[in-house]
1. Strands (runs of 3 or more DSSP E) wholly in the stretch 59-119 with at least 2 residues that are in contact with a strand residue (DSSP E or B) (Cβ under 8 Å, 6 or more places away or on another chain), farther than 15 Å from residue 49 by Cα and without any contact (Cβ under 8 Å) to a residue 40 or more places away in the chain - which ones?
2. Give the residue that is surrounded by the fewest Cβ atoms within 10 Å (Cβ to Cβ), with candidates limited to residues of the stretch 54-83 that are more than 17 Å from residue 97 (Cβ to Cβ) and out of contact with any helix residue (DSSP H, G or I) (no Cβ under 8 Å at 6 or more places or on another chain).
3. Restricting attention to the stretch 19-41, does a residue exist that is modelled with pLDDT of 90 or more and out of contact with any helix residue (DSSP H, G or I) (no Cβ under 6 Å at 6 or more places or on another chain)?
4. Consider residue 56 against the criteria (1) in a loop (DSSP other than H, G, I, E, B); (2) at pLDDT 80 or above; (3) out of contact with any strand residue (DSSP E or B) (no Cβ under 6 Å at 6 or more places or on another chain): it satisfies all of them except one. Which criterion is unmet?
């Protein structure tokens, strides 16, 4: 029973943080209106935040927040017992997205291109 209560509290904290982040990126009048259906991974606006719940464990929920405009992502840990939110990591993904391959297996994109590109 205690585990269920902690799980519900943790889930509530995740949903609350997600709703706060979604509301913070909208104009004031839109943020005050009732949401039209919350999806676990949601894009708030064209230049808004993307909130993605991640796999957690028995003690915590995890949540990723992605800012496509700034090309930055962050990961938060929400303690199931206390509701404490801890920033675990922040990373700019701008340079990651400029790579054509990383940690891939053959055929790599350049290999495929070489096979298809007549010379």
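The values are calculated or read from the model by the stated rules, or taken from the named source; none is laboratory data. Given the structure is predicted, the values throughout are model-derived calculations rather than measurements. Quick reminder, even Gly has a Cβ in these numbers, built from the backbone with ideal geometry, and neighbours come from all protein chains shown.
1. On the way: elements: 60-67, 72-79, 85-92.
By residue number, 85-92.
2. Once the filter is applied, the top-ranked residue is 55.
3. Within the stretch 19-41, the subset modelled with pLDDT of 90 or more is none.
No, the stretch 19-41 has no match at all.
4. All conditions pass for residue 56, except number (3).
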